[in-house]
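In what follows, a structure is listed as structure tokens, so that the remarks can point back to it.
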Amino acid sequence: MAELSGMFLFISLRKGNRRSETGVFFISEALVNGQIRFREVRLIGSDGEQLGLMSSLDALKMAEEAELDLVCVAPAAKPPVCKIIDYGKYRYEMIRRDKEARKKQKIVELKEVRLSPNIDSNDLATKTNAARKFLEKGNKVKVTLRFRGREISHMNQSRYILDDFAKALSDLAVVDKSAKVEGRSLVMFMSAKKN
């Protein structure tokens with residue numbers, strides 16, 4: 001436990017703080033009121049004006065006079081930046097901003113299509129259609145040409161299968177990484193063309 005103390009911040013128990021199973025608080029939450037122990041801070045007022053550099057005790061007194069909280073919004077800055085605001089409202093805004101950012105984020109999945117060296121043209125067309133659907137949804141496609149047993153000795157002769165696959169999807173996709181040997185298979189990565 002002693003070697004972990006440098007990674008975590010020990011603070012007094014306060015309503016609203018999250019606690020881990022070990023009884024140690026994580027730094028993920030903002031420092032509020034009495035938790036701010038910097039010698040000097042840059043203070044921003046409740047209406048957004050710069051109040052300048054001052055000691056954290058003076059800043060805390062100003063926050064108490066305004067009946068608001070003193071929240072450290074940028075502890076890594078030199079000197080740290082603190083703001084006089086309502087902490088509950090600040091937390092609500094941060095949670096809402098995170099939710100909005102997650103909504104706008106598009107998760108790109110990696111889908112895999114497996115082929116074998118003795119694949120027939122109809123089967124190749126079926127696999128190509130499956131990859132086309134993945135690419136239309138915006139996912140990346142990993143095309144794997146697997147070799148079993150003695151097939152590995154004819155690896156170079158089977159490279160044309162991946163080339164044909166890429167040509168069939170050339171109208172919709174671009175090859176990110178060309179065919180490379182990974183163990184007993186040839187692997188190629190494709191993604192949708194950017195409009």
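The values are calculated or read from the model by the stated rules, or taken from the named source; none is laboratory data. No experiment lies behind these values; they were computed from the predicted model shown. Cβ coordinates were reconstructed from backbone atoms using ideal geometry, including for glycine residues, and neighbour counts include every protein chain displayed.
Here LYS106 fulfils each of the conditions (1) closer than 30 Å to ALA192 by Cα; (2) modelled with pLDDT of 85 or more; (3) not hydrophobic (A, V, I, L, M, F, W, C) apart from (2). Restricting attention to the range 143-195, the residues that are in a strand (DSSP E or B) and of a type in the set (Lys, Arg) total 3. When the range 109-128 is limited to residues that are at pLDDT 85 or above, outside any helix (DSSP H, G or I) and acidic (Asp, Glu), the one that is farthest from the chain's Cα centre (by Cα) turns out to be ASP120.
Within the range 134-150, take every residue that is surrounded by fewer than 16 Cβ atoms within 10 Å (Cβ to Cβ) and over 20 Å from LEU172 (Cα atoms) and give me the one that is nearest to the chain's Cα centre (by Cα). Looking at residues that are surrounded by fewer than 16 Cβ atoms within 10 Å (Cβ to Cβ) and over 20 Å from LEU172 (Cα atoms), I get ARG146.
ALA131 meets each of the listed conditions (1) assigned to a strand (DSSP E or B); (2) surrounded by 12 or more Cβ atoms within 10 Å (Cβ to Cβ); (3) of a type in the set (Gly, Ala, Ser) apart from (1). Give me the pairs, please: first residue somewhere in the range 153-172 and of a type in the set (Ser, Thr, Tyr), second residue anywhere and modelled with pLDDT of 85 or more and not in a helix (DSSP H, G or I), beta-carbon distance under 7 Å, and either six or more positions apart or on two chains. Filtered contacts from the range 153-172: SER158/PRO117; SER158/LEU145.
Checked across the range 80-93, the condition of being closer than 30 Å to ALA173 by Cβ, small (Gly, Ala, Ser) and out of contact with any Leu (no Cβ under 8 Å at 6 or more places or on another chain) holds for no residue.
Only a single item in (1) within 21 Å of GLU109 (Cβ to Cβ); (2) more than 30 Å from the chain's Cα centre (by Cα); (3) in contact (Cβ under 8 Å) with a residue 40 or more places away in the chain is not met by PHE189, and it is number (2). Counted as qualifying within the range 49-101 are the strands (runs of 3 or more DSSP E) with 3 or more residues that are assigned by TED's automatic domain parsing to the domain that holds GLN35 and farther than 15 Å from GLY34 by Cβ, namely 50-55, 81-85. Applying the criterion of being more than 24 Å from ALA66 (Cα to Cα) and surrounded by 15 or more Cβ atoms within 10 Å (Cβ to Cβ) to the residues of the range 10-52, the residue that is modelled with the highest pLDDT is ILE11. For beta carbons closer than 6 Å, sequence separation of 6+ or different chains, a first residue in the range 72-100 that is without any contact (Cβ under 8 Å) to a residue 60 or more places away in the chain and a second that is surrounded by 11 or more Cβ atoms within 10 Å (Cβ to Cβ) and in a helix (DSSP H, G or I), the qualifying pairs are CYS82/ALA59; ILE84/ALA63.
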